[in-house]
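Notes for the one structure printed next.
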Amino acid sequence: MSLVLDREPTRTIPAPLIAVEDLSVTYSGRHGVVPAVARVSLALAPGQSLGVVGESGCGKSTLALAIMAYLAENAEITSGRVRFKGSDMASMSPEELRQVRGGGMAMVFQEPGAALNPSMRIVDQLVEAAVYHREIDEGTARREAGEMLRDVGLPDVERILGSYPHQLSGGQQQRAVIAMALLGHPSLLLLDEPTTNLDVTVEASVVELIGHLRRRHGTGLIYISHNLGLIAQVCDRVAVMYAGEIVEEGPIDAVFAAPKHPYTAGLLRCIPQPHTDKTERKLRPIRGQVDQLLTRLPGCGFAARCDHAVAGRCDQGELPLVDVDAGARHLSRCIRWMEIADATETPDDQADAGGVRDEVLLTVRDLDKFYPVEESGLASLFGGRPRRVVKANQRLSFRVRRGQTLAIVGESGCGKSTFAKVLMGLEQATAGSIELAGLDLATLAVDKRDSVLLRSLQIVFQNPDETLNPCYSIGTQIGRVIRKFGIARARGQVQQEIKRLLALTRLPATLAARRPHQLSGGQKQRVAIARAFAGRPSTVVADEPVSSLDVSVRAAIIELLVDLQTSEGTTLLMISHDLGLVRYMADRVVVMYLGQIMESGTTAEVFAPPYHPYTEALLSAVPVADPALRRRRIVLEGEIPSAMAPPSGCPFHTRCHRKLGAACETQKPPEQRMADGSHRITCHIPAAELAQMGDIFGKPGGRRDDT
Amino acid sequence: MPRIVFRRLVYLIATMLAASLILFGLFELSPESVAVDALGQFSTQEQRMLWLEQNGYFEPAYVRYFAWLGKFVTGDLGMSRVFNAPVAKVLVDRLSATGILALFFFATLIPISLTLGVIAGIQRGTLVDRAITLFCVITTSIPPFASTVLLSTIFVFSLHLLPGTSGMIDGFSFRELIMPVTALVLYDLGYVARMTRASMIDVMARPYIRTAVLKGVPYPVVILRHALRNALIAPFTVIMLHVNWLIGGVIVVELFFAYKGFGSLILEATLSRDLFLLEACTMTAVVIAVATQSLADIAYTFLNPRIRFK
Amino acid sequence: MTTGIDAPERSALGGEESRVAGFISGVGRLRESPIAMIGLAIVLFWVLVAIFAPLLAPMSPTATIRPMALPGTRGPGGQLFLLGADHLGRDVLSRIIYGARTVLIYAPIATACAYVVGVVAGLLAGYRQGWVDDLLARIGDLILAFPALVLYIVIIAKFGSSGLNIILAVTLASGPGVMRIVRGMVLDIRNRAFVAAAQVRGESAWHIMFAEILPNATGPLIVDACLRLGYVTIAIGTLGFLGLGLPPPNPDWGGMISETRQFAMIFPHMVVFPCLAVSSLVLGLNFLADGLTDIVKRA
């Protein structure tokens, strides 16, 4: 039985808290009218939680703003309505609307730093949220604000109440924003990417908090995110959006275990997971990129990128959301869901990483990079104060073998990007050496390096929007590299080489005449890869190469990098905070925290016990898009200390859940060689005890261990 | 807080020293030209030599510089040839006259320009906004020397409403202040108003305004409590920096309306090559400019908690 | 300054295309903003007037014919004084037409000089940082400590009034302002990955400053140039008004006002028309800058 739900959206759930009924929103801009949300229907009962997932431009933020009735001036609701507790938001008076906002439903945005008023103390901003919705005086509101801050897990409440937002860290700011949202006693909380720019371990603790508060206050929750893993952790149900439409909606477990829309299935298949590697589960990229459609084509919005699309069926008319499992209310907008349901993934026979060769290419020895903290001009002239330093890299030592992929993992401030800068010669090391092909690169500035060295060591940067100069065409920019490296000089040869590189990165040759702003993010990143590989380098550094890209585009870039590395025999140095990606790509892993190496070894060694306590916490914190996965939860307290004032002894002792005692606070931990080969862990806990540790993922062989 | 005040003070003194070096280099380095300026074009060579001898101009340059600087610091600014009076006295009289002008200028400029800017910023894109913006561009395009002429043509020549000169011969006259103040305000108004408008628009688009609206704070409170304070920091600083510009505007306006102030004094000193007077005037202008820059800096720090509590 | 700028723009595929096409699309985009078009029309009007001055002016700008002639009256030879004549009997219209030449020669040259100095200094300060930055910033601060008009007056008082000195004075007074803007933009642009990409492929500092960074700063700089041209026009006019401008009998709008302002209460036409001329030119430049700001922001 399949039930068409678009026409009767509210019947299945009685008395919904919030009901979005057949909502369409368009934006009018310079290029015409752009649809952002198309015929979306959703309903949420009190206390329920719903996740909304989608990539950039899928309309999820517009949906959130439409629910709050706070659309931009150039936005227009072209169909449908939003009802809060039965009343239409569009027909409310300004005063009714004001009461609902903050009092009925509250919103938490991403970038908490921007969401708080920079010139008001936290206490004043919190009190406002309470006094305008509830009949309480300022004094009571102040007291409640303090209690709420304690509730959201902030230490030192009195100090934080009197602080200005910039005096708090990102995680503290977001907790304060959540406290502010709850102070109006709303029955619905809307969260729009609330943890997007936070570090993994901080993100994990904020998400934990959200789940806790929800249970405690019985608040309904709409959680918007591009991260399937987070949704899996927080929500009961999930709605997947693509090009303004809901393409699939259902209970978390059902959608993740047996997706009934090719887009959902594709998304799940193209994310590398920290508990599987490339031999177990090969990534399957989704073709093409997320398009900003000016006009809606008939049929399925995903058809252009779908491997199952059939002409004549998928591109006809309006496709309804059909219930694929009447009991659980699992809906899909795919017209062929029944036919393709059995097309489950069979793991490809995987070519192995191609035999690790033994020749050491790059040796890093006791590398230090300290930055002096700049005192402003005149003060440093007069004041004889000792100069403070940031120890961005401390005593880094590791080796990279030819043809290998080495990943450096860590959260912000761990010094992984600083190392890349030193390696590339953009910064000079304070002490230690980096040996490559008989040269010491540690203090060899980029303008002192000869063209052979420059050519053989190249880099792919993180942000595709900044990696290409907007003023020149793609051909011009690649051509410049080709000439600079002396690969070719004559015009014809250069053209030939440009074509070869574009083909190598699977880009059409016509792209050469385009300018960067005409390219998508994925295309720009391919050009950046083409540019890095132009001089046939022996080593390529990839600094977070996919973290700024849409989820569905990432897999294709990852595959391209892996293929190029294999075919060109390049050594790849990957810098990333994404453990899933690292597990997928790397042969060896170095885990860093506050400028120091905590653990290193082969990928298999690092991702299996024994772990360094920090690695263990990281693995526990990473959101995994698999609600069925069981793993131990370790939520770290506090936040990453500032690199300006790193903790003494072991840098991780302030947050460590396995801290032994005073030794961790005062003494540098020793580097211990583990039994399993090249695996090293820098920790005070004896190797034998570390070896007792269980697997963080619920796999056989590990001892259950509840922390 | 005391640190920034101290830093600005050091900076002020350093700038003054550098400026004094430049002035000394320009006007006092070659004694001959000093003598010509002091004694006039038609003095004889012997007279000039005698004068130079008497005034210690045959000492080495650095000795003369420190002597010159010492006199300057102690307030001995020399005699004005044109006014035949101590430079210090002339300067103080004229400065206080211009101070009155500046007072009325700011008292008129600040409320009008900030109000216009805030109104335009809140109602962005409306007819009111466009009218204010257009008015601002047009007034900013009329240089003070032209606006003095045009204003006098209208209010003095055609309508006979106001006096055409502001010499204040019969003592202080408020009516005589109206034309100079209007000319100055008119040119500066547009700049400050547009700055305020841009700042207001910028602030209104910030996420924290959205936060405030979406937590149900009444709209007037959002504007008054959340928007204005952040939006007025930049224009306020700009207004203080305008003292630098005001000195230029004052020269033009005082000349046209024959107002006996600091601006016309600089001009008289220049045109009659009254060296000591010109040096003193220039140094005074630099002191005023740098002091207000420092004040603006300190005020900005004070208004902005992000910098105050670093 | 040609060192190392054998840059991308002349290499490989469609090198020239990007620059030329960029310029054409930029000019084409002016049409999106009516206010910019009005501004451009006003500025072009005065440029054409300046170029064709000898054809357009009904009389010689220096011929003394009929003192104090009112607008619309005729001279002894039957010449029509459309805008009247000044105290020496010179035709006001012809003087305004020739005066456009003065301002449209000196203001752009002076602004261009300020830009050359300011852009080079700003690029060096922002890209090199360290002591170069400190030194240039201090020099800039020192110059900006003098109120602009006082600086002009001091320079003219010391070196005398001539076209060259006016250009020098404007360069000195405006250069630091340009430098600050350029420096600010360089500090932003130099952190983008394409600059690091150029560094790791071994490009020279000059190439990076002029071929990688500068082209990305052109939008805001063009807007600033329009505004600054307006300020310089006002400054030159003001110097003329104060009697420190070009020596007579050169027709110069500020000078015309200065010479005749004592007659303003009796014969306003002598002063009002030059005032309107200078104001309209500045208005055109401000309109142009305004429209360009919107276009640059949208890009």
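Every residue, every condition in (1) in contact (Cβ under 8 Å) with a residue 40 or more places away in the chain; (2) within 14 Å of chain C (Cβ to nearest Cβ); (3) within 30 Å of C:L288 (Cα to Cα), yes or no:
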site	(1), (2), (3)
B:W68	yes, no, no
B:V73	no, no, no
B:L77	yes, no, no
B:R81	yes, no, no
B:I110	yes, no, yes
B:G117	yes, no, yes
B:A120	yes, yes, yes
B:A146	no, yes, yes
B:I154	no, yes, yes
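In the set C:S204, C:S258, only one residue is at pLDDT below 90, within 10 Å of another protein chain (Cβ to nearest Cβ) and more than 18 Å from C:S174 (Cα to Cα); that residue is C:S258. With respect to A:Q125, determine if the residue is of a type outside the set (S, T, Y), free of Cβ contacts under 8 Å to residues at least 60 places away in the same chain and crowded, with 24+ Cβ neighbours inside 10 Å. Taking the combined requirement at face value, the residue satisfies it. The conditions of being more than 10 Å from chain A (Cβ to nearest Cβ), in a helix (DSSP H, G or I) and surrounded by fewer than 18 Cβ atoms within 10 Å (Cβ to Cβ) are met by B:A299. Those helices (runs of 4 or more DSSP H) of segment A:383-480 in which at least 2 residues are more than 10 Å from every other protein chain (Cβ to nearest Cβ), hydrophobic (A, V, I, L, M, F, W, C) and touching a strand residue (DSSP E or B) at 6+ places or on another chain (Cβ under 6 Å), considering only elements entirely within it, cover A:416-424. Residues in segment A:158-190 that are at the interface with chain B (Cβ under 9 Å from one of its Cβ atoms) and of a type in the set (G, A, S) were compared, and the one that is nearest to the chain's Cα centre (by Cα) is A:A181. Among residues belonging to segment B:173-230 that are within 13 Å of another protein chain (Cβ to nearest Cβ) and not in a helix (DSSP H, G or I), point out the one that is surrounded by the most Cβ atoms within 10 Å (Cβ to Cβ). Applying the filter and picking the extreme gives B:K215.
For segment A:516-569, filtering for residues that are among the hydrophobic types (A, V, I, L, M, F, W, C) and either in a loop (DSSP other than H, G, I, E, B) or within 17 Å of the chain's Cα centre (by Cα) (or both) leaves 11. When you scan segment B:245-265, do you find a residue that is at pLDDT below 85, surrounded by fewer than 22 Cβ atoms within 10 Å (Cβ to Cβ) and either part of a helix (DSSP H, G or I) or small (G, A, S) (or both), even just one? Yes - at least one qualifying residue is present in segment B:245-265.
Of all the listed residues (A:A617, A:A625), the sole one being part of a loop (DSSP other than H, G, I, E, B) and either closer than 19 Å to A:L228 by Cβ or at pLDDT 90 or above (or both) is A:A625. Per the listing C:A69, C:A7, C:A53, C:A41, the residue uniquely at pLDDT 70 or above, out of contact with any strand residue (DSSP E or B) (no Cβ under 7 Å at 6 or more places or on another chain) and surrounded by 14 or more Cβ atoms within 10 Å (Cβ to Cβ) is C:A53. Scanning segment A:570-610 for residues that are among the β-branched types (V, I, T), in a strand (DSSP E or B) and either in contact with a helix residue (DSSP H, G or I) (Cβ under 9 Å, 6 or more places away or on another chain) or surrounded by fewer than 24 Cβ atoms within 10 Å (Cβ to Cβ) (or both) turns up A:T571, A:I575, A:V589, A:V590, A:V591, A:T602. If the condition is being within 20 Å of B:R175 (Cα to Cα) and in contact with an Asp or Glu (Cβ under 7 Å, 6 or more places away or on another chain), then segment B:217-262 contributes only B:G261.
Residue-by-condition table, conditions (1) modelled with pLDDT of 95 or more; (2) of a type in the set (S, T, Y); (3) over 23 Å from the mean Cα position of the chain (by Cα):
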residue: C:A114; (1), (2), (3): yes, no, no
residue: C:A121; (1), (2), (3): yes, no, no
residue: C:R138; (1), (2), (3): no, no, yes
residue: C:A145; (1), (2), (3): no, no, no
residue: C:I153; (1), (2), (3): no, no, no
residue: C:S162; (1), (2), (3): no, yes, no
residue: C:R190; (1), (2), (3): no, no, yes
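Among the conditions (1) part of a helix (DSSP H, G or I); (2) in contact with a Leu (Cβ under 8 Å, 6 or more places away or on another chain), B:Y62 misses just one, which is (2).
Per-residue answers, yes or no, for (1) aromatic (F, W, Y); (2) outside any loop (DSSP other than H, G, I, E, B); (3) without any contact (Cβ under 8 Å) to a residue 12 or more places away in the chain:
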{"residue": "C:P58", "(1), (2), (3)": "no, no, no"}
{"residue": "C:P67", "(1), (2), (3)": "no, no, no"}
{"residue": "C:P71", "(1), (2), (3)": "no, no, no"}
{"residue": "C:P76", "(1), (2), (3)": "no, no, yes"}
{"residue": "C:G89", "(1), (2), (3)": "no, no, no"}
{"residue": "C:S94", "(1), (2), (3)": "no, yes, no"}
{"residue": "C:Y98", "(1), (2), (3)": "yes, yes, no"}
{"residue": "C:V103", "(1), (2), (3)": "no, yes, no"}
{"residue": "C:A110", "(1), (2), (3)": "no, yes, no"}
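Quick one: in segment B:122-144, which of the residues that are within 27 Å of the chain's Cα centre (by Cα) and polar (S, T, N, Q) is nearest to the other protein chains (Cβ to nearest Cβ)? Here the answer is B:S141. Take the conditions (1) touching a residue at least 24 places away in the same chain (Cβ under 8 Å); (2) among the polar types (S, T, N, Q); (3) within 30 Å of B:F24 (Cβ to Cβ); C:N165 misses just one of them, which is (1). Of all the listed residues (B:I112, B:I122), the sole one being modelled with pLDDT of 85 or more and in contact with a Leu (Cβ under 8 Å, 6 or more places away or on another chain) is B:I112. Evaluation of C:D188 against the conditions (1) among the acidic types (D, E); (2) under 24 Å from B:W245 (Cβ atoms); (3) free of Cβ contacts under 8 Å to residues at least 12 places away in the same chain shows that the sole unmet condition is (2). Name the residues in segment A:82-126 that are more than 10 Å from every other protein chain (Cβ to nearest Cβ) and either touching a helix residue (DSSP H, G or I) at 6+ places or on another chain (Cβ under 6 Å) or not charged (D, E, K, R) (or both), would you? Correct list: A:V82, A:F84, A:G86, A:S87, A:M89, A:A90, A:S91, A:M92, A:S93, A:I122, A:V123.
Screening B:I251, B:I247, B:I201, B:I223 for residues that are free of Cβ contacts under 8 Å to residues at least 24 places away in the same chain and either in contact with a Cys (Cβ under 9 Å, 6 or more places away or on another chain) or assigned by TED's automatic domain parsing to the domain that holds B:S147 (or both) leaves exactly one candidate, B:I251.
Taken over segment B:29-46, the residue count meeting the criterion of being surrounded by 14 or more Cβ atoms within 10 Å (Cβ to Cβ) and either free of Cβ contacts under 8 Å to residues at least 60 places away in the same chain or under 30 Å from B:I298 (Cα atoms) (or both) is 6. Show the residue pairs that are 6+ apart or on different chains and have beta-carbon atoms under 6 Å apart, the first residue being within segment A:489-513 and more than 10 Å from every other protein chain (Cβ to nearest Cβ), the second being hydroxyl-bearing (S, T, Y). Matching pairs, first to second residue: none at all. Selection of segment C:149-180 for residues being within 10 Å of another protein chain (Cβ to nearest Cβ), out of contact with any Ser or Thr (no Cβ under 7 Å at 6 or more places or on another chain) and surrounded by 18 or more Cβ atoms within 10 Å (Cβ to Cβ) yields C:L151, C:Y152, C:I155, C:I156.
The values are calculated or read from the model by the stated rules, or taken from the named source; none is laboratory data. Everything quoted here is computed from the prediction, not taken from an experiment. Quick reminder, even Gly has a Cβ in these numbers, built from the backbone with ideal geometry, and neighbours come from all protein chains shown.
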